[in-house]
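Here's the structure we're looking at; comments come further down.
The values are calculated or read from the model by the stated rules, or taken from the named source; none is laboratory data. Predicted model only: the values in this text are computed from it and were never measured. As a convention, Cβ positions derive from the backbone with ideal geometry for all residues, glycine included, and neighbour counts pool all protein chains shown.
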Amino acid sequence: TQLLEQSPQFLSIQEGENLTVYCNSSSVFSSLQWYRQEPGEGPVLLVTVVTGGEVKKLKRLTFQFGDARKDSSLHITAAQPGDTGLYLCAGELPTGNQFYFGTGTSLTVIP
Amino acid sequence: ETGVTQSPTHLIKTRGQQVTLRCSSQSGHNTVSWYQQALGQGPQFIFQYYREEENGRGNFPPRFSGLQFPNYSSELNVNALELDDSALYLCASSSGLANEQFFGPGTRLTVL
């Protein structure tokens, strides 16, 4: 059983469209991270959220941590082909020492 | 500042063999975590080393073992390889037990 479920699993959109990726769990996390991974490379950290309800913006990307710290979302405005990649959320349990990754969302932005 | 490096990049082994993967942590980082990423899935936590001691372990059998050296580089050893061990093995380093991890490019292991 996966601790973190991401949806959708696959997403193919046209350049300029908006999209939202969801990361859900029944567990509470002390922090949650979002990564982007390109083929043949390791994940690259985009953002870390720690406080319930927290919203962070990174250019066209908006990240939100749920009030109960069990879920998160990533919203991309006006997607560009350079946004193509595998988006992963990862949660750290309050017990610490481990990050649990989500199932991943593969995003393709078509020019 | 040097990032996280891993070697080798690719590796092909046969079932039953043993393999050692290596990771050099980012400068100033004393914590290394290892992950297994099967094709099309998210990384699965194997274990973490902090100051040369194992500091947490995921749901992996004992044939997955590791080491961390005084310079904080690390090794992942897998004995009695199985076909299902074929995956991308990722190493991530961080400073202390801080929650910001930096990943290496990974080692692609294929078991035939």
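Yes/no per residue for (1) more than 26 Å from B:V4 (Cβ to Cβ); (2) in contact with a helix residue (DSSP H, G or I) (Cβ under 9 Å, 6 or more places away or on another chain); (3) at pLDDT 95 or above:
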position: A:V28; (1), (2), (3): yes, no, no
position: A:R36; (1), (2), (3): no, yes, yes
position: A:V55; (1), (2), (3): yes, no, yes
position: A:G91; (1), (2), (3): no, no, no
position: A:T103; (1), (2), (3): no, no, no
position: A:V109; (1), (2), (3): yes, yes, yes
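Could you run through the stretch B:22-54 and say how many residues are more than 11 Å from the chain's Cα centre (by Cα), within 17 Å of A:A90 (Cβ to Cβ) and not in a loop (DSSP other than H, G, I, E, B)?
Total satisfying the criteria: 1.
Out of the residues in the stretch A:40-50 that are part of a loop (DSSP other than H, G, I, E, B) and without any contact (Cβ under 8 Å) to a residue 12 or more places away in the chain, state the one that is nearest to the other protein chains (Cβ to nearest Cβ). Outline the logic, then answer.
Our first condition is that a residue be part of a loop (DSSP other than H, G, I, E, B); within the stretch A:40-50, this holds for A:40-43, A:50.
From what's left, without any contact (Cβ under 8 Å) to a residue 12 or more places away in the chain: A:40-42.
Details: A:G40: 7, A:E41: 5, A:G42: 3 Å.
Restricting to residues being part of a loop (DSSP other than H, G, I, E, B) and without any contact (Cβ under 8 Å) to a residue 12 or more places away in the chain, the top hit is A:G42.
State whether the residues of the stretch B:15-33 include one that is without any contact (Cβ under 8 Å) to a residue 12 or more places away in the chain and closer than 13 Å to A:F99 by Cβ. Don't jump to the end; show me each part of the working.
As a first pass, look at the stretch B:15-33 and keep what is without any contact (Cβ under 8 Å) to a residue 12 or more places away in the chain: none.
Looking through the stretch B:15-33, none of the residues is without any contact (Cβ under 8 Å) to a residue 12 or more places away in the chain and closer than 13 Å to A:F99 by Cβ.
Per-residue answers, yes or no, for (1) at pLDDT below 90; (2) in contact with a Gly (Cβ under 9 Å, 6 or more places away or on another chain); (3) aromatic (F, W, Y):
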residue	(1), (2), (3)
B:Q36	no, yes, no
B:Q41	yes, yes, no
B:Q44	no, yes, no
B:F47	no, yes, yes
B:E53	no, no, no
B:N59	no, no, no
B:G66	no, no, no
B:E75	no, yes, no
B:G96	yes, no, no
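Do we find that B:S27 is at pLDDT below 95 and touching a His at 6+ places or on another chain (Cβ under 6 Å) in this structure? Outline the logic, then answer.
Details: at pLDDT below 95: yes; touching a His at 6+ places or on another chain (Cβ under 6 Å): no.
Here the answer is no, as B:S27 does not meet what is asked.
Look at the stretch B:55-112 and say how many of its residues are more than 11 Å from every other protein chain (Cβ to nearest Cβ), closer than 20 Å to A:L45 by Cβ and more than 12 Å from the chain's Cα centre (by Cα).
3
So if I check each of A:G53, A:G82, which one is part of a loop (DSSP other than H, G, I, E, B), more than 14 Å from chain B (Cβ to nearest Cβ) and over 19 Å from B:P43 (Cα atoms)?
Numbers: A:G82 fails: part of a loop (DSSP other than H, G, I, E, B).
Just a single option satisfies the conditions, and that option is A:G53.
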